[in-house]
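Chemist: So that we are looking at the same thing, I have put the structure below in C-alpha cells.
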There are 2 protein chains.
Amino acid sequence: MTRQRAQGRTGIESRSIRRLFREKGIVFTTQREQVLRAVIEAGKHIDAEELHRRLSASRQRVGLATVYRTLQMLREHGLVAESQFGERRHRYEQAEGRHHDHLVCLACGKVQEFEEPAIEQLQERAARRHGFAALSHRLELYGYCRACGRRNTP
Amino acid sequence: MTRQRAQGRTGIESRSIRRLFREKGIVFTTQREQVLRAVIEAGKHIDAEELHRRLSASRQRVGLATVYRTLQMLREHGLVAESQFGERRHRYEQAEGRHHDHLVCLACGKVQEFEEPAIEQLQERAARRHGFAALSHRLELYGYCRACGRRNTP
DNA sequence: CGCTGCCTGAGAATGATTCTCACTCTCTAT
DNA sequence: ATAGAGAGTGAGAATCATTCTCAGGCAGCG
C-alpha cells in the first residue's frame, strides 16, 4: 500500500500522538492511536463502522466497541468533531482549529463545508441575549447543491 | 395563504383539520387528526413515544407505528418540525410560520428557542456563495443556560 | 352502496450505539 | 526494570428508537 501519507498534513508520528494524548491527560493505547490516525487519514465525515472496517483491513484489529468509545472520548477532548446529516449514524472528522458548518444536498447526499465567521458572531450575540453561554454549535443547511439544483429547479 | 390558524390555542375543530389535509392532498383519518392535534396541544418538543402514550391515555388508541408514520408525513408536508438535541430520539413541534433555532443546555437539558433573522440571511448568503439552494436548516447551540451557567462558571 | 387502494396495528425486524465482564495492557511507584 | 493497581479492550449481548410486514380496515370515488 501507499507509504506513510504526506508527512506534512496527515503524517503525524506515533511520538507526537503519544505526546498529544499525554498533554490532554489521555491514556495512550495503540487502539486509540489507530482510531485517531484513521479519522485524520479518512479526511472527511467518516462513520464508526467504516472506520472499524478500515482498521480491520489494514493495521491492527480494533474492536467496534473500542472505536465508539474512543470516538466519544476524542470528541470530549476536542480532537474530533461529530455531525449527523439527517442520517441515523454519526459521522466524524478531525476537529479543526476553525469551526465550519455543513451544506447537505438532499439529492446526491454530498456534504460540503463552509465557514461564515459572521454567523458565529451572531450566534454568540443571540446566545448572550438569552443569558446562554454557548460552548459549541451545530449548523446544517439542507437543500440542493449546484449540480442537483440545476437538475431539479428549471 | 389563508391565515386560518390559532383557533384560540388548541381548539382547532375537526372540520378545519379535515380541510387542511384536503388542501395538502393528505388522506384524512382520525389517527392522523389525533396525532397532529396532540403535537399542537403538547406545545413543545415532544417525542414519538410520549405522543403515543398521551394518545393511548386519552382519546382513541393509535399505534406507535402510525405515530411515526404520521409524524414523518406531517413533516414532509411542513406541518410539524423535527429536531434532535443530541439525544437519540427525535422531538417534534408544530411548524410555525417563522423559523426558530434552539439553545440546548448541557446541564439541565432545557431547550429554549430563539430567533435571529440576521443569521437566516447570512446562511442564505453563504449557501448561495457555494451555489447551494437551501431549503431548510437546523441550528443548535450547546452550552449552559442562565441558571446552570451561574452554577458552573463562577 | 360497493370497489379499490391507501391506512392501520401488533409485533417482528433493523441497526447504530452502548453495555458487560473476563482478560490485557499502561503507567507509576518501587 | 518490575510489579501492582487500575484503566482499557474485545466479543457478543443488550438496548431502544425507528422502520418494516402483512392481514384486516376504512376513506373516498364512482
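The values are calculated or read from the model by the stated rules, or taken from the named source; none is laboratory data. The shown structure was predicted, so the numbers you read here are calculated from the model rather than taken from an experiment. Don't worry about glycine lacking a Cβ; one is built from the backbone with ideal geometry, like all the others, and counts go over all protein chains shown.
Chemist: Can you tell me which residue is modelled with the highest pLDDT among those in the stretch B:100-145 that are under 12 Å from A:Glu116 (Cβ atoms), surrounded by fewer than 17 Cβ atoms within 10 Å (Cβ to Cβ) and not basic (Lys, Arg)?
Modeler: Within the stretch B:100-145, the match that is modelled with the highest pLDDT is B:His130.
Chemist: Look through the stretch B:66-115, keep the residues that are free of Cβ contacts under 8 Å to residues at least 40 places away in the same chain and among the aromatic types (Phe, Trp, Tyr), and return whichever of them is farthest from DNA strand D (Cβ to nearest atom).
Modeler: B:Phe114
Chemist: On to the next question. Exactly one of (1) small (Gly, Ala, Ser); (2) more than 10 Å from chain B (Cβ to nearest Cβ); (3) under 30 Å from B:Ala147 (Cα atoms) is unmet by A:Gly109. Its number?
Modeler: Among (1) small (Gly, Ala, Ser); (2) more than 10 Å from chain B (Cβ to nearest Cβ); (3) under 30 Å from B:Ala147 (Cα atoms), the lone unmet condition for A:Gly109 is (3).
Chemist: Among the numbered criteria (1) more than 10 Å from every other protein chain (Cβ to nearest Cβ); (2) over 28 Å from A:Phe132 (Cβ atoms); (3) surrounded by fewer than 16 Cβ atoms within 10 Å (Cβ to Cβ), which one does B:Val67 miss?
Modeler: (3)
Chemist: Going through the stretch A:99-126 one residue at a time, which ones are small (Gly, Ala, Ser) and part of a loop (DSSP other than H, G, I, E, B)?
Modeler: Passing the criteria: A:Ala107, A:Gly109.
Chemist: Can you confirm whether B:Leu55 is within 16 Å of DNA strand D (Cβ to nearest atom), more than 12 Å from chain A (Cβ to nearest Cβ), buried (at least 16 other Cβ atoms within 10 Å of the Cβ) and over 17 Å from the mean Cα position of the chain (by Cα)?
Modeler: When the stated conditions are applied, B:Leu55 passes them.
Chemist: Has the stretch A:87-98 got any residue that is more than 11 Å from DNA strand C (Cβ to nearest atom), in a loop (DSSP other than H, G, I, E, B) and within 14 Å of chain B (Cβ to nearest Cβ)?
Modeler: Step one: of the stretch A:87-98, the residues more than 11 Å from DNA strand C (Cβ to nearest atom) are A:93-98.
In the following step, the residues that additionally are in a loop (DSSP other than H, G, I, E, B) were identified as A:95-98.
When the remaining residues are screened for being within 14 Å of chain B (Cβ to nearest Cβ), the result is none.
Taking every residue of the stretch A:87-98 in turn, none turns out to be more than 11 Å from DNA strand C (Cβ to nearest atom), in a loop (DSSP other than H, G, I, E, B) and within 14 Å of chain B (Cβ to nearest Cβ).
Chemist: Would you pick out the residues in the stretch A:85-122 that are touching a strand residue (DSSP E or B) at 6+ places or on another chain (Cβ under 6 Å), among the aliphatic types (A, V, I, L, M) and under 21 Å from B:Ser83 (Cα atoms)?
Modeler: The answer is A:Leu103, A:Val104, A:Leu106, A:Ala107, A:Val111.
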